[in-house]
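Visitor: Please see the structure below; I have some questions.
The values are calculated or read from the model by the stated rules, or taken from the named source; none is laboratory data. Just so it is clear, the structure is predicted and the values come from calculations on it, not from any experiment. Here the Cβ positions follow ideal geometry from the backbone for every residue, glycine too, while neighbour counts run over all protein chains shown. These area figures cover heavy atoms from the full protein model, side chains too; ligands, DNA and RNA do not enter into them. Shrake-Rupley method; radii C 1.70, N 1.55, O 1.52, S 1.80 Å.
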Amino acid sequence: MKLSSILIVDEDKYMRKIIRSTLGEKHYDIKEADSKTNIISALNDTDFDLITMDIRLSEYSNLDHVEYVKKNSDGYVVIISPTDKVRERVAALKIGAEDYVTVPFEPHELRARIRALLRRKHKVASNHRDCRQNSTCIAFSRWVLNPSALVLRDVDGNIRQLTLGEFRLLSAFLGNPMKVLSRDQLVERVDGVDLAARDRAIDNQIARLRKKIEFDPSTPTLIRTVRGEGYKFMSKVSQHSFEVIAA
């Protein structure tokens with residue numbers, strides 16, 4: 001049986017050793033990276049299931065290293081950091097990190113969190129394989145969308161029914177993953193929007209859609225607000241055929 005692959009990203013050699021020892025060599029295929037160059041090389045060489053990362057790296061500004069990994073890997077990201085500030089925790093989750101663990105951590109808790117995320121990751125991968133075999137569905141994050149029925153199904157089999165407006169809004173994002181879409185671009189895809197109040201209408205539609213697809217709508221990780229510009233869909237998409245919105 002193939003071992004799950006994990007990349008440990010940290011400039012501190014001692015911390016990398018602690019995380020590696022905590023996870024256990026025999027349970028996972030573990031690699032390490034301590035620099036921007038090594039991160040890029042590792043992601044080019046291996047399709048990691050999960051990446052642990054420190055909250056800061058000297059070669060990156062803010063959380064650019066987390067955003068880079070989310071754009072260039074399907075692996076789940078776990079922040080392991082000595083910083084327990086709510087602002088930084090929320091910022092990391094908004095960018096797309098799946099979990100945030102503070103140092104010092106309890107070894108058994110970290111192992112349990114990693115195992116839980118990997119179970120979810122493998123279920124998502126199974127959904128994506130099913131989607132590739134069925135061109136009528138679209139897979140993203142932990143969801144599979146059936147466009148003809150306007151139905152979403154998650155990895156645990158839970159169902160979410162979409163309204164036509166929610167579907168059209170979601171389809172705009174699915175056709176333009178990792179791109180910022182303005183309110184004007186989004187309003188063109190949603191019927192029944194009063195153009196005089198379009199910003200408020202789109203914001204309300206986004207809020208309703210977040211309640212259906214986000215793990216925690218109060219801290220959205222799939223539909224990210226880009227202040228002054230619009231919204232950005234933060235998940236990769238499989239087997240989508242939606243019309244791409246021109247920039």
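Visitor: Could you calculate the contour length gain from Lys36 to Leu3, that is, 0.36 nm times the residue separation minus the distance between their Cα atoms, to one decimal place in nm?
Guide: 9.3 nm
Visitor: Do any GluC sites (Glu not before Pro) in the stretch 1-98 lie in a loop, going by DSSP, with at most 10 other beta-carbon atoms within 10 Å of their beta carbon, and if so which?
Guide: Sites meeting the loop and neighbour criteria: Glu25.
Visitor: Can you classify the stretch 10-66 as rounded, prolate or oblate using the Cα gyration tensor, where a ≥ b ≥ c are the square roots of its eigenvalues, rounded means a/c under 1.5, and otherwise it's prolate if a/b beats b/c and oblate if not?
Guide: Oblate is the answer for the stretch 10-66, as a/c is 1.5 or above yet b/c matches or exceeds a/b.
Visitor: Now for a separate question. Among Tyr28, Tyr231, Tyr14, which one shows the highest mean-square fluctuation when the chain is modelled as a Gaussian network with alpha-carbon springs under 10 Å?
Guide: Checking each option, the largest mean-square fluctuation is seen for Tyr14.
Visitor: Tell me, what is the percent relative contact order of the chain, built from C-alpha pairs under 8 Å that lie six or more residues apart?
Guide: Computed value for the chain: 15 percent relative contact order.
Visitor: Just to verify a number: what accessible area does His108 come out at with the full protein assembly present, 1.4 Å probe, Å² rounded to tens?
Guide: Estimated to the nearest 10 Å², His108 gives 110 Å².
Visitor: Round to the nearest 10 and give me the degree value, 0 to 90, for the angle of helix 198-213's Cα axis relative to the longest principal axis of the chain.
Guide: Relative to the chain, helix 198-213 is tipped by roughly 50 degrees.
Visitor: Over the chain, what percent of the accessible surface lies on carbon and sulfur atoms, probe 1.4 Å?
Guide: Within the chain, the accessible surface is 47 percent carbon and sulfur.
Visitor: For the full complex of protein chains and a 1.4 angstrom probe, list Thr225, Thr102 by accessible area with the highest value first.
Guide: Correct descending sequence by accessible area is Thr225, Thr102.
Visitor: Please tell me which of these pairs span more than 29 angstrom C-alpha to C-alpha: Lys36/Lys121; Lys2/Lys232; Lys123/Lys211; Lys13/Lys232; Lys121/Lys179; Lys121/Lys212?
Guide: Lys2/Lys232; Lys13/Lys232
Visitor: Relative contact order, percent, of the stretch 45-115 when contacts are C-alpha pairs under 8 Å separated by at least 6 residues?
Guide: 31
Visitor: If I take R0 = 45 Å and measure r between the Cβ atoms of Phe105 and Asn158 in this structure, what FRET efficiency does the formula 1/(1 + (r/R0)^6) give, to the nearest 0.05?
Guide: Efficiency, from the Cβ-Cβ distance: 0.90.
Visitor: Quick check for you: with a 1.4 Å probe and neighbouring chains kept, what is the accessible area per residue of the stretch 52-103, in Å²?
Guide: 43
Visitor: Considering the convex hull of the alpha carbon atoms of the chain, report its projected area averaged over all viewing directions, in nm², one decimal.
Guide: So the Cα hull casts an average projection of 14.2 nm².
Visitor: Return the loop-located trypsin sites (Lys or Arg not before Pro) in the stretch 1-51 (DSSP other than H, G, I, E, B) with at most 15 other Cβ atoms within 10 Å of their own Cβ; answer none if there are none.
Guide: Those that pass, being in a loop and sparsely packed, are Lys2, Lys26.
Visitor: Further question: What 222 nm value per residue comes from the helices of the chain, counting each DSSP H run with n ≥ 4 as -39,500 (n - 2.57) and dividing by all residues, nearest 500 deg cm²/dmol?
Guide: -12500 deg cm²/dmol
Visitor: Compute the acute angle (0 to 90°) between the alpha-carbon long axis of helix 107-133 and the principal axis of greatest extent of the alpha-carbon atoms of the chain; round to the nearest 10°.
Guide: 40
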